[in-house]
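Have a look at the structure below before the remarks.
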Ligand SMILES: *Cc1c(COP(=O)(O)O)cnc(C)c1O
């Protein structure tokens, strides 16, 4: 028998989250962001749950090929555009729309031979200072693109740095609106946080929203809001079982470095999951976890293949009991990936994406 660890992808939760996201941005079309192999869930595994989107957005050409191989004939957007000139051939062949964020990408388009002009998304750097044309250079880039026979429609795009926090989006939004005011074309600005927090503003939701994390059931602005507050459901559950039990006396320690000491007699369970499965090693004593659907805590250090959990709250638990690292337990109890990430000093995004290859994954409805 293999180790009992298993990740389950919930198609129904993906559908629910997508419906919830649409409510936050009425009338906007939705890019389902499936970069990084659908945030670690697997493009093929989320396809059924997410096929209600209007397009898929990602940034790896191999991943675009996989979406086409699934039979998707709708829009696909390359969020970072092409990396070298010959990528444009694949864009032509697979009918991929692509971001254009720098002069080099316009140069490549200008020498590209295609019968089918490309739909491009011209990206403005409105303050994030990662990809995109500076506001002062944006219109010149648009004019240059617009003159190319290789280019069909030009859409307008930017990305917010602080949609999840108190700095907000006002400054970037104003800049984008000012510079693009007289330009034709569809617009896209909002990630999950901007959609959920500011999607009521038609200028923010614009023509297309680009939600990623919310579709997978993580709150983009945790702990300001949790998934219950946003009415989102975990799209992934990571579960394992108790494979051993120890009875500690007061003064006994647990695990490498003996960094947890029992202050009173304590029953602990050993769960088959460790940092080699992608569980964060920083989730030391106190990190939340469910045993038989009951919330308890990790004690001691996370090892490569095992973690140790306090069984005080679940006296009936023992060998074989269900352990939920994040997501939904058999009882229906939910532990959000955001809470686990917080205990490990990171964000839900990283935990999803870092799930190890050795963890088997299945799709359930
Ligand atoms: C990843 C990404 C998104 C999605 O962001 P979330 O925070 O996961 O919703 C949107 N737009 C761009 C350009 C991205 O790279």
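The values are calculated or read from the model by the stated rules, or taken from the named source; none is laboratory data. Given the structure is predicted, the values throughout are model-derived calculations rather than measurements. Here the Cβ is made from the backbone with ideal geometry for all residues, glycine too, and neighbour counts use every protein chain on show.
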From the option list 193, 228, 203, single residue qualifying as closer than 15 Å to residue 347 by Cβ, part of a helix (DSSP H, G or I) and either modelled with pLDDT of 95 or more or not assigned by TED's automatic domain parsing to the domain that holds residue 27 (or both) is 193
Practice problem: Go through the residues of the range 310-318 one by one and say whether even a single one is buried (at least 24 other Cβ atoms within 10 Å of the Cβ) and either assigned to a loop (DSSP other than H, G, I, E, B) or out of contact with any helix residue (DSSP H, G or I) (no Cβ under 7 Å at 6 or more places or on another chain) (or both). | Solution: yes
Condition set within 11 Å of the ligand (Cβ to nearest atom) and part of a loop (DSSP other than H, G, I, E, B), scope the range 206-216, selection farthest from residue 347 (Cα to Cα): answer is 210
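Table: residues versus (1) at pLDDT below 95; (2) away from the ligand (no atom under 13 Å from the Cβ); (3) assigned to a loop (DSSP other than H, G, I, E, B).
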site: 18; (1), (2), (3): no, no, no
site: 49; (1), (2), (3): no, yes, no
site: 56; (1), (2), (3): no, no, no
site: 65; (1), (2), (3): no, yes, no
site: 71; (1), (2), (3): no, yes, yes
Q.
If I filter the range 281-288 for residues that are within 18 Å of residue 315 (Cβ to Cβ) and surrounded by 19 or more Cβ atoms within 10 Å (Cβ to Cβ), do I get at least one hit?
A. no
Those residues of the range 144-172 that are away from the ligand (no atom under 15 Å from the Cβ) and not in a loop (DSSP other than H, G, I, E, B) come to a total of 9
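Yes/no matrix, rows are residues, columns are (1) buried (at least 17 other Cβ atoms within 10 Å of the Cβ); (2) within 13 Å of the ligand (Cβ to nearest atom); (3) under 23 Å from the mean Cα position of the chain (by Cα); (4) touching a residue at least 60 places away in the same chain (Cβ under 8 Å):
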residue: 36; (1), (2), (3), (4): yes, yes, yes, yes
residue: 53; (1), (2), (3), (4): yes, yes, yes, no
residue: 83; (1), (2), (3), (4): no, no, yes, no
residue: 87; (1), (2), (3), (4): yes, no, no, no
residue: 91; (1), (2), (3), (4): yes, no, no, no
residue: 105; (1), (2), (3), (4): yes, no, no, no
residue: 115; (1), (2), (3), (4): no, no, no, no
residue: 120; (1), (2), (3), (4): yes, no, no, no
Next item on the list: Could you tell me whether any residue of the range 234-254 is within 16 Å of the ligand (Cβ to nearest atom), in a loop (DSSP other than H, G, I, E, B) and touching a strand residue (DSSP E or B) at 6+ places or on another chain (Cβ under 8 Å)?
Entry: yes
Among 332, 327, 286, the single one that is under 25 Å from residue 233 (Cα atoms) and assigned to a strand (DSSP E or B) is 327
Of (1) within 16 Å of the ligand (Cβ to nearest atom); (2) buried (at least 22 other Cβ atoms within 10 Å of the Cβ); (3) outside the structural domain of residue 162 (by TED's automatic domain parsing), residue 273 fails just (1)
Among the residues of the range 135-152, the number that are over 31 Å from the mean Cα position of the chain (by Cα), touching a residue at least 40 places away in the same chain (Cβ under 8 Å) and under 20 Å from residue 117 (Cβ atoms) is 3
Next item on the list: For residue 183, state whether it is closer than 30 Å to residue 139 by Cα, assigned to a helix (DSSP H, G or I) and either outside the structural domain of residue 321 (by TED's automatic domain parsing) or at pLDDT below 95 (or both).
Entry: no
Scanning the range 255-266 residue by residue, the ones that are surrounded by 13 or more Cβ atoms within 10 Å (Cβ to Cβ) and either assigned to a helix (DSSP H, G or I) or over 34 Å from the mean Cα position of the chain (by Cα) (or both) total 3
Given the conditions (1) out of contact with any helix residue (DSSP H, G or I) (no Cβ under 7 Å at 6 or more places or on another chain); (2) on the phi < 0 side of the Ramachandran plot, every one holds for residue 42 apart from (2)
* Asked: If you check residue 30 against the conditions, is it at pLDDT 95 or above, within 16 Å of the chain's Cα centre (by Cα) and not in a helix (DSSP H, G or I)?
  -> yes
By residue number, the members of the range 336-365 that are over 17 Å from the mean Cα position of the chain (by Cα) and within 18 Å of residue 291 (Cα to Cα) are 343
